[in-house]
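No lab work stands behind these numbers, since they all come straight from the coordinates. Because the structure is a prediction, the values reported are computed rather than measured. So basically every Cβ, Gly included, is an ideal-geometry build from the backbone, and we count neighbours across all protein chains shown.
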Amino acid sequence: MAVPVPSGKRGAHLFDPLSLRGLALPNRIVVSPMCQYSADEGGATDWHLIHWGQLLLSGAAMMTIEATAVSSVGRITPGCLGLYDDATERALADRLARARRQAPPMAVAMQLAHAGRKGSSARPWEGGAQIALAKGGWTALAPSAVPHADGETPPAALDAAGLARVRDEFATAARRALRLGIDALELHMAHGYLLHEFLSPLSNRREDAYGGTLGNRLRFPLEVFDAVRAAWPADRPLGVRISGTDWVDGGWTIEDSIALARELKARGIDWIDVSAGGISPRQKIPAPSPGVHVPFARAIREATGVTTMTVGLITEPRHAESIIADGDADLVAMARAFLRNPRWPWRAAAELGATVRGVPQYLRAATREAPGIFGAVKGGQR
């Protein structure tokens, strides 16, 4: 559960501190996980070094490393990042340590994921279609042998041994993340990937204890959560990203999300990151608008009291400020806004009269209107 820390400032709730277990965050801004599709056999590359380096200088409270596969078949594409063997651990450790060494202190989270039936896909800029086995693809895994889209090869339905293996892969990845110095973990239960596939009746057609009723469909994602929580130190936070709704009639709903949130709260969840969609090409999403997912985060927060994080086309500092001030969510995460402006929190601090962590090399970025945005970092030009 998050513990708010009074800031002594008025009109800058976005910059109020927040504590998640033993992790103290200086503000409510989070860099959302963003797939880069630039790994080499699951291993981080120098692209990640550059990408993370920019974001670690941003002044956000926490940066989240992209969906990181817990097995090679759990990758979405051949270019997806992984943490499932010694080679992928070494590659990630090297790039992350080098990026963090030059940046001011910032919490780093990692999103652990398994692509499920959406695995073995081409990179987005290569079309994103399913890759055939004969062309270097692999057999995707899922709760049921139901393809994501018409014309795709059906995935293999996980049997009891497969369920145990995947559960252990998540826990093992968590232990590897601890060795890397990761401060927080987020489990990916959204966007049509494996754990979401168990939750949604559109993809879960099982007739055993893991399918059918809502309670049964929650079972495997909760088992994975429990396994990771047991492998992850008690003083380090663990969150979950979910899709608040499938946007498909007969699919996962916000009421289901609230039921899941209650179960996760009983297990000590530290935050729920609320997005939407991704389970089916038949989804009907309303016209995109800033904060499209905010109502889902607010509904979960009000119904359960769980700390929530919201995402979705949020770009303006005063919009992000209003989300926190109005109690819609406890944290605001952004992805595309950071791709366009890796220093977005600097802009927000200038507009809202707050401060961010900075580095002396960039002191001249402060403006006449907001000369103190870097707080205690002092210096001048000769």
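Residue-wise HN-Hα couplings along segment 148-163, as the Karplus relation 6.51 cos²θ - 1.76 cosθ + 1.60 with θ = phi - 60° gives them from phi, are 5, 9, 4, x, 7, 5, x, x, 8, 6, 5, 8, 4, 5, x, 4 Hz; Gly and Pro carry x. Here the mean projected area of the convex hull built on the C-alpha positions of segment 1-154 is 11.7 nm². With one equal scatterer per alpha carbon and no solvent term, the Debye-computed log10 I(q)/I(0) for the chain at 0.08, 0.09, 0.11 1/Å reads -0.39, -0.49, -0.74. Report note on the peptides 347-360, 62-75: ranked by the mean count of other C-beta atoms within 10 Å, highest first, their order is 62-75, 347-360.
Each peptide among 28-38, 260-270 gets the average number of other Cβ atoms lying within 10 Å of its residues, and from highest to lowest they stand as 28-38, 260-270. For the peptides 166-172, 327-333, residues were scored by their other Cβ atoms within 10 Å and the scores averaged per peptide; the highest-first order is 327-333, 166-172. Distances between placed amide hydrogens fall under 5 Å for Glu186 paired with Met110, Gln111, Leu112, Gly239, all partners being 5 or more residues away or on another chain. Separation of segment 149-213 and segment 335-361, taken as the distance between their Cα centroids, equals 35 angstrom. Estimated at 0.36 nm per residue, the fully extended path between Asp159 and Ala93 surpasses their Cα-Cα distance by 20.4 nm.
Taking the chain as a Gaussian network of alpha-carbon nodes connected by springs under 10 Å, the highest mean-square fluctuation of the residues Pro78, Pro147, Pro345 belongs to Pro147. Close amide-amide hydrogen proximity is noted between Glu66 and Met34, each under 5 Å apart and 5 or more residues distant or on a separate chain (H modeled in the peptide plane; Pro and chain starts excluded).
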